[in-house]
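Q: Quick one: the structure is below, questions incoming.
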Amino acid sequence: MKKLITAAVTGVLAASFVMSACAAETIKIGGIGPITGAAAIYGNNVKNGMEIAVEDVNATNPDLQFELQFEDDEHDPEKSVNAYNTLKDWGMQLLGGTVTTSPCLAVGAEALNDNMLLLTPSASSQDVIDLGDNVFQVCFTDPNQGSASADYISEQKLGEKIGVIYNSADAYSSGIYSTFIAEAEAVGLEVVAEEAFTDDNSTDLTTQVQSCQNAGADLIFLPIYYTPASQVLIAADKMGYEPKFFGCDGLDGLLTVEGFDTSLAEGVMLLTPFVADADDEKTKDFVAKYAEKTGGDVPNQFAADGYDVVQVLYAACEEAGVTSDMDASEVCEAVKAVLTGGEFSYDGLTGEGMTWDASGAVSKAPRGMIIENGEYVGLD
Amino acid sequence: MQFLGYLISGISLGSVYALIALGYTMVYGIAKMLNFAHGDVIMVGGYMVYFTFCSRGWNPLLAVLFAMAVCTLLGITIERVAYRPLRSAPSLAVLITAIGVSFLLQNSAMLLWKSDPKSFTSIISMDPITIAGGQLSIPAETIVTILVSVIIMIILIWFVNKTRIGHAMKAVSEDRGAAQLMGINVNGIISLTFAIGSGLAAIAGALLLSSYPTLIPTTGAMPGIKAFVAAVFGGIGSIPGAFLGGVLLGVIENLSKAYISTQLSDAIVFLVLIIVLLVKPTGLLGKKTAVKV
């Protein structure tokens, strides 16, 4: 009996071996991000973007297939590490995540130990790419967002007196804040109020808005996520205070907060690399596929980031000749060599001619957007 | 003028704390237990108002009454299911159960209503009042919250001191055994206390979210803790104490945000609490009770 089982098992194993040898190479891609919780919009957009990209790339080349599994982390570092371990058990070879910064720092440390390649769509802190040489970003690094915002405000003469409201307990927010302040000083912007809040006292942001008003700020810079940003807009409206608002990619999602009066967001400006109403073929095609998949939703830049993550990984895997029997560490070395080789360049939804150096930061140009009639419109 | 602005938004925040603290202090004063699930009943009240008023466009007053009815039922159920079987258990057991109920409510809300934030439309649709030639504008929510808190406090004081049921409540609070011997239905009185406390929580939820509009399943948690601090600050068990404690806490929090540090405001609030408790352990208006050993 025992022999029979052994024989059967060997037979099955042999058969599956033969099958996998003649089938295409299938690479397992993991994704991690908040599908639920306060930052759920980011995670859902990235997930949808990645899924669309996987369908697209699998259609282009039958010999190299991607298989995607996406895990929820609720924007919580601890849960994110759990999600990472789940994916590792599943056999993940490349990680396209995580979506938000604080969890990415926790997962990045684990990925460094395992020498797992990590390409994050949107965790934009400098600390993320400082973790190690296996970590890369598709989005801008925060220092670039902060200094690019200061440059943009000063070049376009958007405001005379600047107030800043930021979350000092969040790596994303305080990262942008500190480079913004440094660059603002360099280009001669007058910052009249710097107001912080933390996750625990974010219920009430009226005092921070009041302080900006009292300081006479005519533009408030909001390097924060969209949930507290919606509170700032409501508080300013209640006070009858009407400054300009300027933010970074965290504000993307503002228009989809349930119950939020979107007329309050009119005129809010943000720097972000993707505009859904751009009329190039690539964007139009993606927006159409996204709407089809989600039943009419418009993708934000996170969806585009997610899409680009899969496309970049695919292009790099193709070039590096990655096969399904390589372990995560071998895949990491191969893909890293391609990305930082100096030859690799990718034209994605979130920027033309994206290139990477050994630091892991991407090089591409930012775009300004403004909210008009409940839509994001390119500023230039 | 700036100071006045900060002071007013402090009083606004404080009167929300006061409203929540009234519920805490009622239950503590009479049932002698800390109902840590109180903050989460507020959250449930908030969701009820959100679904009826913000989503379906009910009359705001009707929506709040509906939320009060739901929360009252919820409060009575929680008391009946989770706390009554533990009436003679050590107070630590009841405390842990209360924390358990709090988590149960938060996680049920997360399952039922998802955890993505909802933006709450204010139930008060009046324009802000501007004084001193437009230099100072007071949101209508602030005025309504302060008025509602004061009115509820006065009604509660009247109810406890002047009505028969109120007297029964005081009796239960002073000596449960003796009250029972006098023919008072102790379980009924405690149920009623939970009903009142939870009904107030619904009003508090509606007003909290009208001023600070982000609604998530953990919305009630932090204000709940702050209100508990306010109740202790004012002297737990004392109705005017809860009100005073709440308002002072809000003002201290806001002024320290405005003039000292936005990040350290919570630390300063709790520091003040520690100092008050060191100097006056029963809280500002707390009664000193001698316990016979």
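No value in this document is a laboratory result; all are computed from the given coordinates. Source: prediction; values computed, not measured. Cβ placement follows ideal geometry from the backbone for every residue including glycine, while neighbour counts extend to all protein chains displayed.
Q: Would you order B:H167, B:H38 from fewest to most other beta-carbon atoms within 10 Å of each residue's own beta-carbon?
A: Starting with the residue having the fewest Cβ neighbours, the order is B:H167, B:H38.
Q: Ok, one more. If the elastic network links every pair of Cα atoms under 10 Å, which of B:I190, B:I216, B:I96 fluctuates the most in the Gaussian network model of chain B?
A: B:I96
Q: Where is the GNM fluctuation largest for chain A (alpha-carbon springs, 10 angstrom cutoff): A:K364, A:K28, A:K284?
A: Largest GNM mean-square fluctuation: A:K284.
Q: Does anything in the range B:53-81 have its amide N under 16 Å from the 7 Å Cα→Cβ label point of B:K114, and if so which residues?
A: Residues B:55 fall inside that zone.
Q: May I pose another question? At 0.36 nm per residue, and after removing the present C-alpha to C-alpha distance, how many nm does the segment from A:A288 to A:N61 gain when stretched out fully?
A: Net length gain for the segment: 79.5 nm.
Q: What's the exposure ranking of A:S122, A:S211, going from fewest to most Cβ atoms within 10 Å?
A: Fewest-to-most ranking of A:S122, A:S211: A:S211, A:S122.
Q: Can you compute log10 of I(q)/I(0) for the range B:31-165 with the Debye formula, treating each Cα as one identical point scatterer, at q = 0.19 Å⁻¹?
A: The calculated log intensity ratios at q = 0.19 Å⁻¹ are -1.23.
Q: I would also like to ask the following. Can you sort B:I252, A:I370 from fewest to most other Cβ atoms within 10 Å of each residue's own Cβ?
A: The order, fewest Cβ neighbours first, is A:I370, B:I252.
Q: Distance in nm between label sites at A:L112 and B:R56, each 7 Å beyond Cα in the beta-carbon direction?
A: A separation of 5.3 nm, rounded to one decimal place.
Q: Give the Rg (one decimal place) followed by the Dmax (whole number) of chain A, computed from C-alpha coordinates and expressed in Å.
A: Taking only Cα atoms of chain A, I get Rg and Dmax of 22.2, 86 Å.
Q: What 222 nm value per residue comes from the helices of chain A, counting each DSSP H run with n ≥ 4 as -39,500 (n - 2.57) and dividing by all residues, nearest 500 deg cm²/dmol?
A: Taken over chain A, the calculation gives -15000 deg cm²/dmol.
Q: Here's a follow-up. In vacuum, with every alpha carbon of the protein assembly as shown counted as one equal point scatterer, what does the Debye formula give for log10 I(q)/I(0) at q = 0.11 Å⁻¹? Two decimals, please.
A: With one equal scatterer per Cα and no solvent, log10 I(q)/I(0) is -1.09.
Q: Turning to a different aspect of this structure: Quick one: give the max-minus-min coordinate of the C-alpha atoms of the range A:143-272 along each principal axis, largest first, in Å.
A: 39, 28, 24
Q: Would you mind getting me the FRET efficiency between A:K157 and B:K280? Use the beta-carbon distance for r and R0 = 56 Å, nearest 0.05.
A: Efficiency at R0 = 56 Å is approximately 0.50.
Q: Note down, for chain B, the three equivalent ellipsoid semi-axes (square root of 5 times each alpha carbon gyration tensor eigenvalue), biggest first, whole angstrom.
A: After diagonalising the Cα gyration tensor, the semi-axes are 30, 23, 18 Å.
Q: Hey, another quick one. So which GluC sites (Glu not before Pro) in the range A:159-208 are both in a DSSP loop and have at most 15 other Cβ atoms within 10 Å of their Cβ?
A: Sites meeting the loop and neighbour criteria: A:E160.
Q: Please build a GNM for chain B, connecting alpha carbons under 10 Å apart, and tell me which residue among B:D266, B:D40, B:D175 fluctuates the most.
A: The residue with the greatest mean-square fluctuation here is B:D175.
Q: Give the separation of the Cα centroids, the range A:276-314 to the range A:109-175, in Å.
A: First find each Cα centre; the distance between them is then 22 Å.
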